[in-house]
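The values are calculated or read from the model by the stated rules, or taken from the named source; none is laboratory data. Bear in mind the structure is a predicted one, so any value in this text is a computation, not a measurement. All Cβ positions, glycine included, derive from the backbone under ideal geometry; neighbour counts span all protein chains shown.
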Amino acid sequence: MPATAAAWQCVRDRSTGLVWETKTVGDGLHSLDHTFVWLDPDMARNGGRPGFLDIPKDFEQAEKLHRSPVQGDPETQGELCGQVLENCNTRDFAEAVNRKGLCGFHDWRLPELPELATLTDYRRSRPATDPRFFPLDEGFRFWTATSQAARLMPDDASKLGLKAWVLDFTTGTEETEEKYSSMSVRLVRGQMPETPQ
């Protein structure tokens, strides 16, 4: 697809080989207005805390140690993502996109922080991405699959794994947020080439 195309659903980064989901305006599955809580049941990847099925009703409960995904508030279930999913979490969103086969592919996933950071152009701000390919990014923060590392909070082990990394595409800033926070999601497929050592 040429850079002059009027609309597209996916963008392939020629320097990394990664293919990225693009966001849309409106009510569909890929709407930039939809946000999600963080969920990854894989204990090897989630820092010991799988996250949330949907926005929790009790935020104090959300701070406690959980070994299984925390249920969302039944009164607000599905509202974060415009009712396009029963539960608005990162895992269910990726599964829905894979069922539909975005751009003909069924292997979409939440990106790791170093992968998502490859979209950042530090010469830019508002947005810190190339608006020719990602025109809707300003003002949005995107989840990564990277759970907060234990080494970042050695003083309080009870809070390990409560947060995951996000990237703010207004400024290009990397930060952590509680997994019950509602953030945007941009999915990726493929693998970055390994750097020679």
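Please identify the pairs in which a residue from segment 100-128 that is within 15 Å of PHE169 (Cβ to Cβ) has its Cβ atom under 6 Å from the Cβ atom of a residue that is hydroxyl-bearing (Ser, Thr, Tyr) and outside any loop (DSSP other than H, G, I, E, B), counting only partners at least 6 apart or on another chain. Filtered contacts from segment 100-128: PRO111/THR144; LEU113/THR144; LEU113/THR146; LEU116/THR144.
Scanning segment 105-119 for residues that are not in a loop (DSSP other than H, G, I, E, B) and not acidic (Asp, Glu) yields ARG109, LEU113, PRO114, LEU116, ALA117. Contact map, segment 70-85: first residue over 13 Å from ASP33 (Cα atoms), second residue modelled with pLDDT under 75 and assigned to a loop (DSSP other than H, G, I, E, B), Cβ cut-off under 7 Å, separation 6 or more or different chains; pairs are ASP73/LYS57.
The set of residues in segment 25-76 being modelled with pLDDT of 85 or more, assigned to a strand (DSSP E or B) and out of contact with any Gly (no Cβ under 7 Å at 6 or more places or on another chain) consists of PHE36, GLY51.
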